[in-house]
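Working notes for the structure below.
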Amino acid sequence: MTAPSIIAGRTRSAHMRREAATGWAFATPVTVVLALLFFAPIVLVVIMSGSKWTLLGGNQGLNGVDNFSKVLADPMLLDSVWFTLKYTLLTTVILMPIALGLALLVQEARRWNNILRTAILVPSALGIASASVLFYALYSPQVGPINKVLADLGLMDQDSSLLGTPNGALWATVFLVVWRFAGFYMLLTMVGLQGIPQDVYEAARIDGASRWRTFTQVTLPLLKPTIAMTMIMSITGSLLAFDQFYVLTKGGPNNSTMTVVLLIYRYAFETKRDLGMAAALSVLVLLALVVINAIQLKAMGVSDKEDK
Amino acid sequence: MKSTPLSKGLFYFLTSCIAITFLAPLVWAVISSVSPAPGTSQTSGFGFGNYVALFEYGRGLPVYLLNSLVISLVAIVVTLVCAATGGYAFARFRFRGKNVLFILVLSVMMVPVAALLIPLIVWMQKIGLQNSLPGVGLVLTLFQLPMGVFMMRNSFASVPAELEEAAKLDGCSALSAFFRVMLPTATPALITVGLFAYLAAWNDFMVALYLLSMDNAPLPLALVNMRQQVMGVIDYGITTAGVVVLTLPALVLFLALQKYYVKGFTSGAVKG
């Protein structure tokens, strides 16, 4: 190597080192937050799940898989898993077609559609907890109008609460969630619809395809990645439901609306006051969710390529 | 598409019904909060009795609002700082561990907040952030990072490299190029990221429930607690007034910045 190229090589490696250092400097804040609030709690939850660790007594040393066997032996666990799955299925099956329908309805850019879209999106500004408080008032037999309407239709007693029966509580919550999230999923679906090139529709029209045929043969297949994504979000979100049940039903009546995440809270603060058990259930939820996400991504054919 | 007057009329009727369905609960809350009802602070005639009662409820509405504001500000500022600097690092620099770090940021999406709250009760105490409003803001920040960093990275990556080169030739350091050239061009993305952080923080209930005591409660937590305070007899007047007060700032910002909210979706940054 000649002298100038060595110098050039040196300056290049010096340049690269400087670039790496600057890069790391800029990546420092995000790394600090991750290390402090993401990795540390993940390590800690695993340690806690293997320790006798009560709410008031604190850490009392490792106890192997005791917490896990206690959690798995709790009859409430199976009930809550079953209810969570039922709720997830109901929500997703109802929410997805509504989101798609709304998206098809408002996708054309017109003034009226813009107003409509905004109206449907308004609930997205509310938190799930405050939306739940609002619906708690709406469902109340004393002041809420919904009780009155249902009573007039002969569907229920005027003085009994909609949230007082297991089925009533479930449907009331599903209704709230659909109201809160329809706009959100509509927006996601609209983005997918807009990604379908116009000339595909043009070709379908030239071929003389009916509107329904165009929808089933062109729109739906091309919308598959979007539908897969919204379904994953809906399923994952519903599996982790907490706020709405904490506010509306507290898991009742008779623990009939207990979700898995609500059970974590119960273990920690109400029934067991056992952070070890709560941590064990957290670990199970964490693992289940990673597995479920991986399966869903595979099953729905969302490859890495599409994901980027 | 809608050719006949009949189908046109049907379309407008149907869509109006849909719009009303989505707006009705909030409209009801506003009306019911100023309407007279037994068992509330507004027993006869229309008026703001429930709002006066809300103002004086518990530690006082201003305290709860301020708590919500502190959590939101911390979440917005820290999210913006982390997303902007991190996004810049991922968009413009080559360094060892970059791809691994990026995947780790995105992996936050796979981990539900519900699974981290139990260890966070203990951990926040260890790092001196027990019952701390900024602490809650920081936890909420974490879950804004995947979307925020992803959006900012894409936004910076689309800025032509020549702009930055020119700044560096003019003697700008990497830091001042970042502030003077990169950040201004990425303002729309910053607004989107900030809006998402604000909505998440202002509306958060679960993280506050786990990590804060009642006398340090933000408004959503106080609101839920308000409802449970007197078992059996619930003051629905103060409850609906609380919903209105909590919703109003979020709704105003949301409507004003709707364009940026939608952008968060079109950029492909919102993912499960």
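The values are calculated or read from the model by the stated rules, or taken from the named source; none is laboratory data. Quick caveat, the model's predicted, so the values are computed rather than measured. So basically every Cβ, Gly included, is an ideal-geometry build from the backbone, and we count neighbours across all protein chains shown.
Some notes on this structure:
- Residues satisfying the stated conditions in the range B:139-157, i.e. among the hydroxyl-bearing types (Ser, Thr, Tyr) and at the interface with chain A (Cβ under 10 Å from one of its Cβ atoms): B:Thr141
- For A:Ser124: the one exception among (1) within 12 Å of chain B (Cβ to nearest Cβ); (2) closer than 27 Å to A:Thr236 by Cβ; (3) more than 17 Å from the chain's Cα centre (by Cα): (3)
- Residue within the range B:241-253 that is within 7 Å of another protein chain (Cβ to nearest Cβ), buried (at least 16 other Cβ atoms within 10 Å of the Cβ) and under 19 Å from B:Tyr88 (Cβ atoms) present: no
- Qualifying positions in the range A:269-284 - at negative phi and more than 8 Å from chain B (Cβ to nearest Cβ): A:Phe269, A:Glu270, A:Thr271, A:Lys272, A:Asp274, A:Gly276, A:Met277, A:Ala280, A:Leu281, A:Leu284
- Selected residue (criterion: farthest from A:Val290 (Cα to Cα)) from residues of the range B:78-105 that are of a type outside the set (Lys, Arg) and surrounded by fewer than 16 Cβ atoms within 10 Å (Cβ to Cβ): B:Val81
- Within the range A:234-256, residues that are facing chain B (nearest Cβ under 10 Å) and within 24 Å of A:Ala137 (Cβ to Cβ) have Cβ atoms under 9 Å from residues that are of a type in the set (A, V, I, L, M, F, W, C) and in a loop (DSSP other than H, G, I, E, B) in these pairs: A:Phe242/B:Phe205; A:Asp243/B:Phe205; A:Tyr246/B:Phe205; A:Val247/B:Phe205, counting only partners at least 6 apart in sequence or on another chain.
- Yes/no for A:Val143 being within 11 Å of chain B (Cβ to nearest Cβ), assigned to a loop (DSSP other than H, G, I, E, B) and of a type in the set (A, V, I, L, M, F, W, C): yes
- Any hit, the range A:135-145, residues being at pLDDT 90 or above, touching a Pro at 6+ places or on another chain (Cβ under 8 Å) and assigned by TED's automatic domain parsing to the domain that holds A:Met233: yes
- Scanning the range A:34-83 for residues that are within 13 Å of another protein chain (Cβ to nearest Cβ) and either part of a loop (DSSP other than H, G, I, E, B) or charged (D, E, K, R) (or both) gives A:Gly50, A:Leu55, A:Leu56, A:Gly57.
- Selection from the range B:55-67 of residues that are surrounded by fewer than 24 Cβ atoms within 10 Å (Cβ to Cβ) and either in contact (Cβ under 8 Å) with a residue 24 or more places away in the chain or on the phi < 0 side of the Ramachandran plot (or both): B:Phe55, B:Glu56, B:Tyr57, B:Gly58, B:Arg59, B:Leu61, B:Pro62, B:Val63, B:Leu65, B:Leu66, B:Asn67
- Counting the residues of the range B:158-180 that are hydrophobic (A, V, I, L, M, F, W, C), surrounded by 11 or more Cβ atoms within 10 Å (Cβ to Cβ) and either within 12 Å of chain A (Cβ to nearest Cβ) or within 20 Å of A:Ala21 (Cβ to Cβ) (or both) gives 7.
- Some residue of the range A:208-217 being within 12 Å of another protein chain (Cβ to nearest Cβ), touching a Pro at 6+ places or on another chain (Cβ under 9 Å) and on the phi < 0 side of the Ramachandran plot: no
- Flag for A:Ile264 being modelled with pLDDT under 90 and either surrounded by 19 or more Cβ atoms within 10 Å (Cβ to Cβ) or among the small types (Gly, Ala, Ser) (or both): no
- Residue in the range B:186-204 that is in the same structural domain as B:Phe90 (by TED's automatic domain parsing), over 15 Å from the mean Cα position of the chain (by Cα), part of a loop (DSSP other than H, G, I, E, B) and over 30 Å from A:Leu263 (Cβ atoms) present: yes
- Criterion: β-branched (Val, Ile, Thr) and farther than 30 Å from A:Ser282 by Cα - qualifying residue of A:Val177, A:Val191: A:Val191
- Criterion: among the β-branched types (Val, Ile, Thr), at the interface with chain A (Cβ under 9 Å from one of its Cβ atoms) and in a helix (DSSP H, G or I) - qualifying residue of B:Ile103, B:Ile18, B:Ile31, B:Ile71: B:Ile18
- Within the option set A:Leu162, A:Leu187, being within 29 Å of the chain's Cα centre (by Cα) and modelled with pLDDT of 90 or more holds for one residue only, A:Leu187.
- Within the range A:209-253, being part of a helix (DSSP H, G or I) and among the small types (Gly, Ala, Ser) holds for A:Ala228, A:Ser234, A:Gly237, A:Ser238.
To keep it simple, each residue is scored yes or no on (1) outside any helix (DSSP H, G or I); (2) of a type in the set (Phe, Trp, Tyr).
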position: A:Leu150; (1), (2): no, no
position: A:Gln158; (1), (2): yes, no
position: A:Gly168; (1), (2): no, no
position: A:Thr173; (1), (2): no, no
position: A:Leu176; (1), (2): no, no
position: A:Arg180; (1), (2): no, no
position: A:Phe184; (1), (2): no, yes
position: A:Met190; (1), (2): no, no
position: A:Ala203; (1), (2): no, no
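- Within the range B:111-165, the set of residues being closer than 21 Å to A:Phe242 by Cβ, part of a loop (DSSP other than H, G, I, E, B) and of a type in the set (S, T, N, Q) comprises B:Asn131, B:Gln144.
- Of residues in the range A:174-199 being surrounded by 13 or more Cβ atoms within 10 Å (Cβ to Cβ) and more than 12 Å from chain B (Cβ to nearest Cβ), the one nearest to B:Thr266 (Cα to Cα): A:Ile196
Each row is one residue, and each column tells you yes or no for (1) within 28 Å of B:Ser107 (Cα to Cα); (2) in contact with a helix residue (DSSP H, G or I) (Cβ under 8 Å, 6 or more places away or on another chain); (3) surrounded by fewer than 15 Cβ atoms within 10 Å (Cβ to Cβ).
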residue	(1), (2), (3)
A:Gly251	no, yes, no
A:Asn255	no, yes, no
A:Phe269	no, no, no
A:Asp274	no, yes, no
A:Val283	yes, yes, no
A:Leu287	yes, no, yes
A:Val291	yes, no, yes
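- Only one of the numbered conditions (1) under 26 Å from B:Leu212 (Cα atoms); (2) of a type outside the set (Val, Ile, Thr); (3) part of a helix (DSSP H, G or I) is violated by B:Ala84, and that is (1).
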